[in-house]
Amino acid sequence: MELFALFGPPAITLLLFVIAVFPYALWVTRKKPTRTARLAAIGSAAALAAYGAGTFYGLAYTHPVDLCATKTASGDYMDVGRDYSLTSATIHHFPPSVTCHWSSGHSTNDVSFWITPLLYTGLACATVCFTLILINRSHRRSAHR
């Protein structure tokens, strides 16, 4: 599970971005959206991908203990390379975080460092762009009256 926790979310996020490029490119070439609309779509996609990666694509909610530690033959969850056992795992939904609490008294956060900045940047970009789109539409409607 360690390798997935380390390499899985960035790899899946990159794969989703690559897959999303095709519908985005089709939309841009056929509809010719404004720059603001394009940035709103990109910001929304970035926020969704970051949230998905932060929750390890649902694994954080279904098996949070598996993200924190490795299960030994005796059934205990241990920190690899150390002699600490896992006491509990805490999950926060927004921003996504999986905090592992160890018998040594320390805690670790298993969500990658890039998740929260990408999530908030995508949300801010999408919010500003959608607001600008709505303002432009209301100005156009009032100009036609």
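Among (i) 17.6; (ii) 16.3; (iii) 15.3, find the value of Kirkwood radius over Cα pairs in Å that was calculated from the structure presented, and write down its label.
Here the calculated entry is (i).
Express the carbon and sulfur contribution to the solvent-accessible surface of region 90-145 as a percent, rounded to the nearest whole number, probe 1.4 angstrom.
63 percent
As a test of the formula, what do you get for the chain when each DSSP H run with n ≥ 4 contributes -39,500 (n - 2.57) and the sum is divided by the residue count, at 222 nm and rounded to the nearest 500 deg cm²/dmol?
Estimated from H runs of four or more residues: -20500 deg cm²/dmol.
What figure, in Å² to the nearest 10, do you get for the accessible area of THR116 with a 1.4 Å probe and non-protein molecules left out?
50 Å²
Grab the beta carbon distance between SER104 and VAL65, set R0 = 22 Å, and tell me the FRET efficiency rounded to 0.05.
The formula returns an efficiency of 0.85 here.
If I require 15 Å or longer along the helix axis, counting alpha carbons, and a Kyte-Doolittle average no lower than 1.0, what helices from the chain are left? Use full DSSP H segments.
2-31
So, R0 is 30 Å and r is the distance between the beta-carbons of PHE17 and THR127; what FRET efficiency does that work out to, to 0.05?
Result of the calculation: an efficiency of 0.90.
The values are calculated or read from the model by the stated rules, or taken from the named source; none is laboratory data. Since we're looking at a predicted model, the values are computed, not measured. No Cβ is skipped: glycine too gets one built from the backbone with ideal geometry, and neighbour counts run over all protein chains shown. Surface areas here come from the heavy atoms of the whole protein model, side chains and all, with no ligands, DNA or RNA. Shrake-Rupley method; radii C 1.70, N 1.55, O 1.52, S 1.80 Å.
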